[in-house]
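J.: Here it is, the structure in full.
The values are calculated or read from the model by the stated rules, or taken from the named source; none is laboratory data. These figures come from a predicted structure and were not determined experimentally. With ideal geometry, Cβ positions are generated from the backbone for all residues, glycine too; neighbour counts draw on all protein chains shown. All accessible areas refer to the heavy atoms of the entire protein, side chains included, with ligands and DNA or RNA removed. Shrake-Rupley method; radii C 1.70, N 1.55, O 1.52, S 1.80 Å.
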Amino acid sequence: MKLGIVGLPNVGKSTLFNAITEAGAEAANYPFCTIEPNVGVVKVPDERVDVLGKLNKSKKVTHTSIEFFDIAGLVKGASKGEGLGNKFLSHIREVEAIVHVVRCFKNDDIVHVDGSINPIRDIETINLELIFSDIEVLERRADKLKKQAKGDKTAVKELELVEKCLSVLNEGKSIRSLDFSSEELETVKEFNLLSNKPIIYVANVSEEDILKDNEYIIKLKEYADKEGSEIIKISAEIESEIASLDEEEKKDYLKEMGLEASGLERLIKSSYKLLGLISFLTTGEDESRAWTIKAGTTAQKAAGKIHSDIERGFIRAEVISYEKLMEYNGSTVEAKDRGAVRIEGKEYIMQDGDVVHFRFNV
């Protein structure tokens, strides 16, 4: 899973990126500090795979991971090349979802590119640049389709869809706001439009405001509710503090702050939900491992996540939920002896937390 962290310059993107990835991306108090996107690979916290690893004395414990791309600050006019904008927009095209960092804190020592703190204006500045870029892409496509449309029913149909998208974009609305049929949706995905990418707003607040909503957060929540988007409140200061702590120290620090989980953990959880992802687990003496798949994936397709041979030669899946397995102290052998392990076929729809052993023959 690739997530692109975007936002105006100096909203705390790189500080947040450094904290959640410990990758040491440069963070400086001037625009365009980040030109090429910094990439950080983050382990997805999942206590279940750790527990299975300990109970089964696995030689190796492997978590699934997320790639975070710290994309340089966009500015007004980016779609026309302002502030190296075209390059930055091309980086956004490569990610599966957008993490839009919005500044919701006051600090006279950190300059704002537009001179004042206004989260809604900042969001609309970036959204408009994504929309302008999409208009340019679709207008070129429309010109090409108009030439093909004479006598080509497929081209006519696609042209109608392009024009439907353009009419919404020209109203200043994102493609995300449109409803499509399943057939249209497949075609729109091929367009790879920036304003169609799923989005999470990350409100970067001061340490003092992490447990209460300041005036900026209240306005941001109203905006996101209308759009049907999610907001996560994060303090880049706090994330920086806990980045270097071990797990026990981290838990103690978060408890002192009155927080149940770190900003990174909350962001990952929301990202999974946004992209419709779940995890299934495999465990044994050699390795305990988490695997990420799309919700609705069949057992045979999930097997292919491990190896194409397992998918091709799929016979059956031996499945038990993690919660049920814990009743047998994590022992799949004991669970099987007690008849608690289910036998599922290739069309079984995988569930989050399924612990699976695939039988196959090639």
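J.: Given H placed on each backbone N at 1.01 Å, which residues far from Ser235 in sequence or on other chains put an amide H within less than 5 Å of it?
T.: Val205
J.: Also, I was wondering about something else. Per DSSP helix of 4 or more residues, -39500 (n - 2.57); summed, then divided by the residues of the chain. What does that give at 222 nm, rounded to the nearest 500? Kindly include the intermediate steps, with their values, before the conclusion.
T.: Values: 14 runs with 152 residues, N = 362.
Using -39500 (n - 2.57) per qualifying helix, the result is -12500 deg cm²/dmol.
J.: Probe radius 1.4 Å, ligands and nucleic acids ignored: give me the carbon and sulfur share of the accessible area of region 248-287 as a rounded percent.
T.: 47
J.: Using the heavy atoms of the protein chains and a 1.4 angstrom probe, tell me the accessible area per residue for the chain in square angstrom.
T.: Values: 18460 Å² over 362 residues.
Spelled out: the 1.4 Å probe surface of the chain, per residue, equals 51 Å².
J.: Which lysines does Lys212 reach when only Cα atoms under 30 Å apart count, and residues fewer than 8 places away in its own chain are ignored?
T.: Lys212 reaches Lys13, Lys43, Lys106, Lys197, Lys221, Lys226, Lys233, Lys250, Lys251, Lys255, Lys269, Lys273.
J.: What per residue convex hull volume, in Å³, do the alpha-carbon atoms of region 107-260 yield?
T.: Details: hull volume 24.4 nm³, N = 154.
Convex hull volume per residue, Cα atoms: 159 Å³.
J.: Could you pull out the longest piece of the chain with no exposed loop GluC sites (Glu not before Pro) in it, calling a site exposed if DSSP puts it outside H, G, I, E, B and it has at most 14 other Cβ atoms within 10 Å? Spell out each step's value before the answer.
T.: Numbers: sites that count: Glu22, Glu26, Glu94, Glu171, Glu260, Glu285, Glu327, Glu347.
Answer from the scan: 172-259.
J.: Could you please state how large a percent of the accessible area of region 170-211 is carbon and sulfur, counting protein chains only and using a 1.4 Å probe?
T.: Details: 880 of 2090 Å².
The computed percentage sits at 42.
J.: Okay, next question. How much accessible area does Lys146 have with a 1.4 Å probe, in Å² rounded to the nearest 10?
T.: Rounded to the nearest 10, that gives 110 Å².
J.: Setting aside same-chain residues fewer than 8 positions from Lys346, which lysines have a Cα under 24 Å from its Cα?
T.: Lys294, Lys301, Lys305, Lys324, Lys336
J.: When the convex hull of the C-alpha atoms of region 194-339 is computed, what volume per residue in Å³ does it have?
T.: Working: hull volume 27.7 nm³, N = 146.
Once divided by residue count, the hull of region 194-339 is 190 Å³.
J.: Using only Cα atoms, what Kirkwood radius does region 167-245 have, in angstroms? Write down the numbers at each step before the final one.
T.: On the way: mean 1/r = 0.0661 Å⁻¹.
Evaluated on region 167-245, it is 15.1 Å.
J.: Next question, about the same structure. If you split all Cα-Cα distances of region 209-293 into 5 Å bins from zero, what percentages do you get per bin, shortest first?
T.: Values per bin, smallest distances first: 3, 11, 17, 16, 18, 17, 11, 5, 2, 1, 0.
J.: Is the shape of the chain best called rounded, prolate or oblate, per the rule: a/c under 1.5 gives rounded, else a/b larger than b/c gives prolate, else oblate, with a ≥ b ≥ c the square roots of the Cα gyration tensor eigenvalues?
T.: Values: a/c = 2.40, a/b = 1.25, b/c = 1.92.
Taking the square roots of the gyration eigenvalues as a ≥ b ≥ c, the chain is oblate.
J.: Now for a different question. Quick one: dipole size for the chain, taken about the Cα centre, charges +1 on Lys/Arg Cβ and -1 on Asp/Glu Cβ, in debye to the nearest 20. Can you show the working numbers first?
T.: Numbers: 51 positive and 65 negative charges, 304 e Å.
Dipole magnitude for the chain comes out near 1460 debye.
J.: Going Cα to Cα from Lys147, which aspartates and glutamates come in below 18 Å? Please leave out same-chain ones fewer than 8 positions away.
T.: List returned: Glu136, Glu139, Glu158, Glu160, Glu163.
J.: Report for the chain the percent antiparallel among DSSP-assigned beta bridges with both residues inside it, nearest 5.
T.: On the way: 23 of 46 bridges.
Bridges in the chain that DSSP calls antiparallel: roughly 50 percent.
J.: At what distance in angstrom do the alpha carbon centres of region 1-18 and region 137-155 lie from each other?
T.: If you average the Cα positions of each part, the centres end up 37 Å apart.
J.: Still on this structure, please answer the following. Region 299-343 to region 164-201: how many Å between their Cα centroids?
T.: 38
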